[in-house]
Structure formats: structure tokens, C-alpha cells
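The values are calculated or read from the model by the stated rules, or taken from the named source; none is laboratory data. Remember, it's a predicted structure, so these values are computed and weren't measured experimentally. Methodologically, a virtual Cβ is constructed for each residue, glycine included, from the backbone with ideal geometry; neighbour enumeration extends over all protein chains shown.
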């Protein structure tokens, strides 16, 4: 599906999302028009979903990240749907993942400090529907966080 030129474009775009199209075209060795058509084709194919700003939530005062592993009461037919729909409405929940196995859902929750986390936990998390069990894991350090792909 991807040729060498496509891979090269994606590598450059992963490394520097702020690089203007004319500069990217120069570095890759193609015309701006040809590069634009390639990028459009990658978007149309769903390979390139867009360029987005990545916000450093710690720079905004959020110092705490907690991973919550949740087991749902699966005797309820809408347990997953109800839980996820409600969890999406909590602004401090920055990621929701579902799993097969003992743990059904993992939530990443950010907070300004432990007092703020306790407030979120008591007022929002504990009110989520169909929770059978919940385990909190406090993030100590992030050793690798890279969304780049080895293209």
C-alpha cells in the first residue's frame, strides 16, 4: 500500500509536524503540488488522520495521573455502553481503553494534585455505572511515550 516515498513523507511528518509543505517538499526532493497530492492520498486512504496539537497537560498544572483498572458487572446487558458513555463525560478522563480478560476497562485520569484527584474520584468515578471492582495505579514516571511508528 505504501511505497518508499510515502514512508519517507510520513517519517518527516512524524519528526516535525510544524514543517511547512514547501520545506517538506524541498527536503524530500519533490514539488509542492506533488507532495500535496501524496498527502491528500494518504489522508483519503486513512493512513494520515490529520495533524494535531499535542498539549502538555503538566504545563497546564495537572501533576497527577492515575490509571484505573475497572471490572464491570457483566450481568448487566448495557454495562460497557453505559459505563463508557458516562466516563466520556468526565473531562479529566483523557483515555479509555477496553480489554478482554479480568480487567474490562482502563481509564487514565489526570488531576492537578491528590486533593483534586480525590474530588474527581469521589464525585465522578465512583458514580460510574456497573462497576464491580476498581483498582487505582498511580503513575510514578513515564519512561517511554512515543506515538511515532517505525516506518
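Tell me, yes or no, whether region 91-100 has at least one residue that is assigned to a helix (DSSP H, G or I), touching a helix residue (DSSP H, G or I) at 6+ places or on another chain (Cβ under 7 Å) and surrounded by 12 or more Cβ atoms within 10 Å (Cβ to Cβ). Checking region 91-100: not a single residue is assigned to a helix (DSSP H, G or I), touching a helix residue (DSSP H, G or I) at 6+ places or on another chain (Cβ under 7 Å) and surrounded by 12 or more Cβ atoms within 10 Å (Cβ to Cβ).
Looking only at residues of region 42-60 that are over 17 Å from residue 19 (Cβ atoms) and in contact (Cβ under 8 Å) with a residue 24 or more places away in the chain, we find that the one that is farthest from the chain's Cα centre (by Cα) is 45.
From the list 128, 107, pick out the single residue that is over 30 Å from residue 17 (Cα atoms) and outside the structural domain of residue 21 (by TED's automatic domain parsing).
Sole residue among the options that is over 30 Å from residue 17 (Cα atoms) and outside the structural domain of residue 21 (by TED's automatic domain parsing): 128.
Just to verify a result, which residue in region 61-77, among those that are touching a residue at least 24 places away in the same chain (Cβ under 8 Å) and surrounded by fewer than 13 Cβ atoms within 10 Å (Cβ to Cβ), is nearest to residue 107 (Cα to Cα)? This residue is 74. Name the single residue, out of those in region 116-147 being farther than 14 Å from residue 65 by Cβ and loosely packed, with under 10 Cβ neighbours inside 10 Å, that is modelled with the lowest pLDDT. Of everything passing the filter in region 116-147, 147 is modelled with the lowest pLDDT. Is it the case, given these coordinates, that residue 75 is more than 17 Å from the chain's Cα centre (by Cα) and assigned to a loop (DSSP other than H, G, I, E, B)? When the stated conditions are applied, residue 75 passes them.
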